[in-house]
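The values are calculated or read from the model by the stated rules, or taken from the named source; none is laboratory data. Every value quoted in this text rests on a predicted model; they were computed, and no experiment measured them. All Cβ positions, even for glycine, are placed from backbone atoms using ideal geometry, and neighbour counts span all protein chains on display. Note: accessible area is taken over every heavy atom of the protein model, side chains too, but ligands, DNA and RNA are not part of it. Shrake-Rupley method; radii C 1.70, N 1.55, O 1.52, S 1.80 Å.
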Amino acid sequence: MSEILFEKYKDYFRVGAAISGIIYDEDFNFFGHKPPQDFVKSLKDGDIAKKHFNLFVAENDTKMQRIYTAEDTYDFSRADKFIKFAKESGKDIRWHTLVWHNQSPQWIFEDGKGGRASKQQLAERTRKYIMEVGKRYSDVICSVDVVNECISDKKFNLRTEEDHSLWQEILGPDYVDNAFIWAKEAFPKSSLVLNDYNLEVIPGKRQGFYELVKGMKERGIPVDTVGLQMHINIEDPAVEEIEKTIELYGNLGLNVIVTEMDVSVYTQMEEAKKDITQEILDRQAERYYKIFECFKKEAKNGILKDVIFWGVTDALSWKNNFPVRGRGDAPLLFDNKGNEKPAFAKLIK
Ligand code: 9MR
């Protein structure tokens, strides 16, 4: 029996992880602060990532805000560090993400004179950005999140300004199609992904996303893969909902990948901080196991291609501060110290 996670699943799908800059960047800066060196040195995330995962994606360093600093100006320094780390580790590499309403620089939506950018201005900036990123990295990128989180949680159609997105507001609804057409030119060999969250949780959102991606296929837009982020918890949603969601998109002839999986021990947004007991960790293990059984089935059905975790150890998980700052969480397979959790043991058995 293999003790290496990605080897264990090699006949089904790649097993990936999001990599925090703290792992490979000695200048890593977290909201203006350098994390204490003893904390950084104590982290096992780099070694665990190299050992157990065969597909890497940057948690933050390949987002537009980090790169597109001004008109025709690109800062690839941090993206380069990530790509170097992933290449030297011999891993397949994904790009997250090209077009998103978060972590995009404000200036792209402005005309430089105090007003909003014109449609032509934003379209040209977006096209140039996608081409520039492709020129630099397309050879090493196997999969790209072209558009991220474009469906509204409330209205189940394309996000508008009310949902904090200016993309459709300025470019009109065909901005998603255009992003994929440009991405195809920039990344001719990569798989092109439309990525979103809660599709397995909110049936209306699942359907709204379905209509969007179905229309794209009918229009001949080069989308080939649906990305399910899979930020879920130890109770919800039911495995059947996950299975239904994968098959819904699979039946359109699309591949499906799980792009950002974690399984929170909290089931309510506002739940108070609690002790993470053995019982909770065992429940989490069982939950991971059942979901992975479903993933294996969907891989055998020819639909599911990759499963990527949003982080390596619990120490660096974004869930420690979301939705409640400082509450802490334990959503991954390795604990704060890098020890294998019951969930890991269950998945490797
Ligand atoms: O994990 C990322 C966190 O470090 C950033 O502060 C945050 C900013 O929006 O983005 C997190 O990653 C998100 C990903 O890029 C898109 N899907 C949701 C992820 C968790 O918020």
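On the stretch given as the stretch 153-165, residues that are buried (at least 19 other Cβ atoms within 10 Å of the Cβ) and within 16 Å of the ligand (Cβ to nearest atom) total 2.
Residues of the stretch 177-212 that are of a type in the set (Phe, Trp, Tyr) and either assigned to a helix (DSSP H, G or I) or open to solvent by 10 Å² or more (accessible area, probe 1.4 Å) (or both): 180, 182, 197, 209, 210. Counting only residues that are more than 18 Å from residue 64 (Cβ to Cβ) and assigned to a loop (DSSP other than H, G, I, E, B), which one in the stretch 135-152 is most open to solvent (accessible area, probe 1.4 Å)? So the residue we want is 142. Taken together, the residues in the stretch 8-25 that are in contact with a helix residue (DSSP H, G or I) (Cβ under 9 Å, 6 or more places away or on another chain) and either more than 16 Å from the ligand (Cβ to nearest atom) or basic (Lys, Arg) (or both) amount to 7.
Of the residues making up the stretch 213-226, those that are in a loop (DSSP other than H, G, I, E, B), more than 30 Å from residue 111 (Cα to Cα) and out of contact with any Leu (no Cβ under 8 Å at 6 or more places or on another chain) are 219, 220.
From the residues in the stretch 74-97 that are open to solvent by less than 60 Å² (accessible area, probe 1.4 Å) and in a strand (DSSP E or B), which one is farthest from the ligand (Cβ to nearest atom)? Looking at residues that are open to solvent by less than 60 Å² (accessible area, probe 1.4 Å) and in a strand (DSSP E or B), I get 74. Screening residue 113 on (1) within 16 Å of the ligand (Cβ to nearest atom); (2) basic (Lys, Arg); (3) assigned to a loop (DSSP other than H, G, I, E, B) shows it passes everything except condition (1). Checking each residue in the stretch 9-24 for being more than 19 Å from residue 259 (Cα to Cα) and out of contact with any Phe, Trp or Tyr (no Cβ under 8 Å at 6 or more places or on another chain) picks out no residue at all.
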